[in-house]
1. Would you list V196, V340 from fewest to most Cβ contacts within 10 Å?
2. With θ set to phi - 60°, apply the Karplus curve 6.51 cos²θ - 1.76 cosθ + 1.60 along segment 54-64 and write out the HN-Hα couplings as whole Hz, x wherever there is a Gly or Pro.
3. For a protection proxy built on the mean count of beta-carbon atoms within 10 angstrom, sort 46-59, 530-543 highest first, please.
4. As an exercise, use a Förster radius of 35 Å and the Cβ-Cβ distance of D498 and E539 to find the FRET efficiency, rounded to the nearest 0.05.
5. Which residues does a label at T513 reach in segment 544-568, if reach means a backbone N under 16 Å from a point 7 Å past the Cα toward the Cβ?
6. Using Cα pairs closer than 8 Å and at least 6 residues apart in sequence, work out the relative contact order for the chain, in percent.
7. Mean residue ellipticity at 222 nm from the helices of the chain, using -39,500 (n - 2.57) per DSSP H segment of n ≥ 4 over the full residue count, to the nearest 500 deg cm²/dmol?
8. Based on other C-beta atoms within 10 Å, arrange I198, I416, I595 from fewest to most.
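Please treat every number below as a calculation from the coordinates, not as lab data. Everything numeric here is computed off the predicted structure, so don't read it as measured data. Glycine gets a Cβ as well: all are built from the backbone with ideal geometry, and neighbour counts include every protein chain shown.
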Amino acid sequence: GWPSADEYKPRSLIIPTDLSLSTGLYTLLFDDSMGSQGQKVAGYLVGSDASGQGLEDAGTGEDGEHLFMYQIGPDGPPTLSATAMSWNGGAKPWLHPSQAYTMRVDMTEPNGASDLTTVEIQLASNILTSPLSFTWDFRTDSCVSNSIHLIIHDCNMLALDGTTAGPYEKETRLVTELELAWTTPDLGETFREPSVKIIDRAGQEVLQTFPALRWRFSPALMIPQESVSLVLTQGTVLEDGARLPPTSPFELTGGLMFETTETIPNFNCSVDVMFAGQTYTAETYDGIWNVELQSPPTSGTIPLTWSVGCLPPQGVDATERESSVKWMIVDGLGPEPKEVQTPRPGSVLTAEEHQVTIVLSEEGGIDFESLRLAWWVEDTVTGEFIRGGDSPFLLQGTEISGLNLIGTGTMDLSVITDDMLIDRFTVYVLIEGRDLAGNLVLGGEGQSAGNAVTSWLMKWRQPKFELDTPAMEYSRLNLQTGDSTAVQIFVKNVGDLDGTSSATISVVRADGTSEILRQTEIDVPENGLGTILIDWAPEQEGLQWIEVVLDSGATGNGPSVDVRPQSDPSFTEAVFGDVNPVLGAIGALLGLSIILALLLMARNATVRRGAKSEYEWDEYSDYLDEDEDDYADEDEDLELNEPINDSSPVETASVQPASTAQATTADGWTQGSDGIWWWQNQQDGSWWYKDANGEILQYK
């Protein structure tokens, strides 16, 4: 500890011989040989001049106010270990200009730090022309350098625990904060080796070099390509630049570091950015810089470059020139639909899912992830929105730029029910999305974005009337003036809705005249068949037929009928009427045979039974008389002497011709009394005849 006041012993000083001088050397001689190792000797002065003025700053006996003190011990040299020098943060294989570095040098002085005189440190002891040295002095407790390439910011001799070293501190550490100037010679790959030399009061010295701490110097700054990025408000960043619309603001940001170590500079620097003929300067903060830019109003491809702007003459910009550029493509036109492939234009769409295929043109590139197909359905008359939806619009292949980019999407129209389709609907589609510059996809025919690309009509549920094949049928074809035939006209509804159609029925003659028979309406269900039935009694002779015209414009003609003048009936016609005479004769013979068989059976029964049978025969004969009377009455009703006029249409499925055969050909054709040739198909029993034009027709 410190000596107390009662431990001090007065001793006389040897005074100088000339006391008239302003300064003098006063000497104290005493023997400390009786002291032990490590003990301390302290002292202070007491005295005054002739006028009684006391000594100033001579110390006192109070604790810690002594004038001098020393410790008893042997005088040993200072020592340095091979690892005495170190850099804060570890070894520094590269050092850079204007960077603050902290160096530590640990040393041992057995007589305490007060025994040190100087500590000289050379950062480049192997470079004789520029060793980059500085010296710590015990008296000033500071460091001084004579090198213009070395800047010392701070220098302190400390104890190992970081406190200020006392005069008797044997283990000390010299901590120095320094930096290298930009003027430091750049020796490339040449290493510099540091060294430390210590000298004590007795002139003893120690020198130690540190090969493990060899270092090189590099003044090269760079802007790493991977640190540079674009921040767009519109458009898309590409690998080699960006695509954006005109007059669009954007930012360019990046980093700054030393090339060899990727160390961020401790100092602020500037970066020069060149774009569209102008140079912009951005200041760095902690190695980061940012500059705000805006694309020009005209389209084109413009280079965007950057470089380090704060370098002194000795500095090096190591930024790669080939990669320090981004190509800014200014694009003011969005993707344009060129063709709608499916559904084809003019198609009528049903209420189901449809695939839509559209060809786009885009030279700059489409942001394919943004594309969607939007569709909606409107009432064609009122424009009212009915339904809508969207789906992804996918490009075929991997190309995102070109004049023929084919994309597909789907629209599900099944949300439109059949009941809704009684109104007329129109389907519209557009493509939502943008190109890499942020321009929206245009509408159809170069219209602005948001307009429909195309539209289709939806299938309209409505009745649609057509005439069936054949359009009509007559109940009889062999007509004379005044005869009547039933005409059936067949109207079918091929539409999607029940409806009513009007029909105009006319008789058309070969001489070009016509006459309306009836105007009527008919209700026909969806996909159903309706029948119009009329009676037609031709009043004029000659070739003529029935014509029907629907309100849909459908027209149909019936078979042509050659109407003959009214004539007296032949015997066979009087007897059989319209019945085939052959069949009539066969029927009459069959009936007569049945009657004769019954009479024969009755006679035989009467003969066998005798008298009793007479009574029974009388009864049976009465029964036969009644039958005969009935048969006679039916013959009387025939009025064979009167002509037969049939004005009602024949509706039976099978009608037999009423002509009596007059001649027969080898191929089976028979001519009736009316001059018409008849032929019967023996397989199905149908009758066929030849009209006035020699055309063979089936008799129905």
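1. Values: V196 22, V340 19.
By the 10 Å Cβ count, ascending, the order reads V340, V196.
2. x, 5, 9, 6, 9, x, 9, x, 5, 4, x
3. Numbers: 46-59: 9.5, 530-543: 15.4.
By packing density, highest mean first, the sequence is 530-543, 46-59.
4. Details: r = 37 Å, r/R0 = 1.07.
It comes to 0.40.
5. Within reach of a label on T513: 544-546, 563-565.
6. Values: 1567 pairs, mean separation 46.5, N = 700.
Relative contact order here is 7 percent.
7. On the way: 3 runs with 63 residues, N = 700.
For the chain, the value works out to -3000 deg cm²/dmol.
8. Values: I198 26, I416 20, I595 13.
With the sparsest Cβ surroundings first, the list reads I595, I416, I198.
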